[in-house]
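Asker: Below you will find the structure I want to go over with you.
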Amino acid sequence: MKHFNLTEELAHDISGADKEEQLFAALSNAADRMGFDLFALAFDRRGGGGEGASMLVHNYPDAWANVYVGFDLSGTDPIRRAGEKSMTGFQWRNVDHYIPLSRGDRQLLKVARDSGIGDGFTVPRHLPGEATGSCSFAVAPNGRIPLEMLHAAEIVGAVALAAARQLIGTGSYIRRAALTERQRECVLWSARGKTAGETAGILGISEETVVRHLKIARERYSVPCRQMLILCALFDGVIGFSDVYDWWRPL
């Protein structure tokens, strides 16, 4: 009950933040009361027409922040990549349960530790085509992760990301290409690795018709190739990741 009441209090404080400075203060208080030393929230909103936006709120040591931002390590950060493989929060010590770690990944984690960041817990959130974000709580290199507070950290992190999304805004809705049902089917089978001829056999139409449907679909998305067409259809929700993955994954 003690942890429940604390979680509710911290979540209430964070959700009430209407400025970035208030979100920083609320997260700083939350991290301290849950037994963590550090926190970092990163939220990136994608958008067409230059409407993308981002937020980074943290109290990480300057030594690490300068390296991370200066060398633009977000694209290679193993914690961030692992977050794309998890539906729930995870401890950094278990990152190799989600992704294979390269020598460069291990070196990056060592640099972070040498800069004053020990083990941590990250709460990831992804909205395909719209936004991606994470909220992390960490301890100093010799600190102990408060295991008894991880459920609280999961909830607090999720509320913080929702607050960041609210502060940034969702951006204006951009109506994307509308595909016919037959065009969608052709894109789906293409995403599953089928050639135009194989797709034609599956759908009971001619190969030329499949080629034409895919050409029109590319034109509607204004993309030059099949790979970009598949990505656009996935991120728009025209086809689902599970529609593709569940079909070809080994049993």
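The values are calculated or read from the model by the stated rules, or taken from the named source; none is laboratory data. Keep in mind it's a predicted model, so treat the numbers as computed, not measured. Every residue, glycine as well, gets a Cβ built from its backbone with ideal geometry; the counts of neighbours run over all protein chains shown.
Asker: Do any helices (runs of 4 or more DSSP H) entirely within segment 122-222 hold 3 or more residues that are over 30 Å from Gln91 (Cβ atoms), and if so, which? Explain how you work it out, then say what you get.
Answerer: Numbers: elements: 150-168, 181-191, 196-203, 207-221.
Where helices (runs of 4 or more DSSP H) fall fully within segment 122-222 and carry at least 3 residues being over 30 Å from Gln91 (Cβ atoms), they are 181-191, 196-203, 207-221.
Asker: Quick check, is Ala30 in a helix (DSSP H, G or I), within 16 Å of Ser134 (Cα to Cα) and either of a type in the set (S, T, N, Q) or in contact (Cβ under 8 Å) with a residue 12 or more places away in the chain (or both)?
Answerer: Details: in a helix (DSSP H, G or I): yes; within 16 Å of Ser134 (Cα to Cα): yes; either of a type in the set (S, T, N, Q) or in contact (Cβ under 8 Å) with a residue 12 or more places away in the chain (or both): yes.
It is true that Ala30 is in a helix (DSSP H, G or I), within 16 Å of Ser134 (Cα to Cα) and either of a type in the set (S, T, N, Q) or in contact (Cβ under 8 Å) with a residue 12 or more places away in the chain (or both).
Asker: Residue by residue through segment 211-220, note down the ones that are closer than 18 Å to Cys232 by Cβ and either surrounded by 14 or more Cβ atoms within 10 Å (Cβ to Cβ) or of a type in the set (A, V, I, L, M, F, W, C) (or both).
Answerer: Quick first cut of segment 211-220, residues closer than 18 Å to Cys232 by Cβ only: 213-220.
Within segment 211-220, His213, Leu214, Ile216, Ala217, Arg218, Arg220 qualify.
Asker: Which ones in segment 61-97 are among the basic types (Lys, Arg) and either assigned to a loop (DSSP other than H, G, I, E, B) or not assigned by TED's automatic domain parsing to the domain that holds Asp37 (or both)?
Answerer: Listed by number, the list holds a single entry, Lys85.
Asker: Still on this model: Please work out if Phe39 is under 18 Å from the mean Cα position of the chain (by Cα), in the same structural domain as Pro146 (by TED's automatic domain parsing) and under 19 Å from Asp119 (Cβ atoms).
Answerer: On the way: under 18 Å from the mean Cα position of the chain (by Cα): yes; in the same structural domain as Pro146 (by TED's automatic domain parsing): yes; under 19 Å from Asp119 (Cβ atoms): yes.
Yes.
Asker: To continue, here is another question. Could you grab me the full set of residues in segment 109-121 that are surrounded by 20 or more Cβ atoms within 10 Å (Cβ to Cβ) and either in a helix (DSSP H, G or I) or of a type in the set (Phe, Trp, Tyr) (or both)? Walk me through it before giving the result.
Answerer: Residues of segment 109-121 surrounded by 20 or more Cβ atoms within 10 Å (Cβ to Cβ): 112, 117, 120-121.
Correct list: Ala112, Phe121.
Asker: I'd like the full set of residues that are surrounded by fewer than 16 Cβ atoms within 10 Å (Cβ to Cβ) and either assigned to a helix (DSSP H, G or I) or modelled with pLDDT of 90 or more (or both), limited to segment 236-251.
Answerer: Filtering segment 236-251 for residues surrounded by fewer than 16 Cβ atoms within 10 Å (Cβ to Cβ) gives 236-237, 240-243, 245-251.
Residues satisfying the conditions are Asp236, Phe241, Ser242, Asp243, Tyr245, Asp246, Trp247, Trp248.
Asker: Got a number for residues in segment 77-102 being at pLDDT 95 or above and among the basic types (Lys, Arg)?
Answerer: 1
Asker: Taking segment 179-210, which residues are surrounded by 14 or more Cβ atoms within 10 Å (Cβ to Cβ) and hydroxyl-bearing (Ser, Thr, Tyr)?
Answerer: Scanning segment 179-210 gives Ser190, Thr199, Thr209.
Asker: Which condition from (1) closer than 19 Å to His126 by Cβ; (2) at pLDDT 95 or above is the one that Glu207 breaks?
Answerer: Just one mismatch for Glu207, condition (1).
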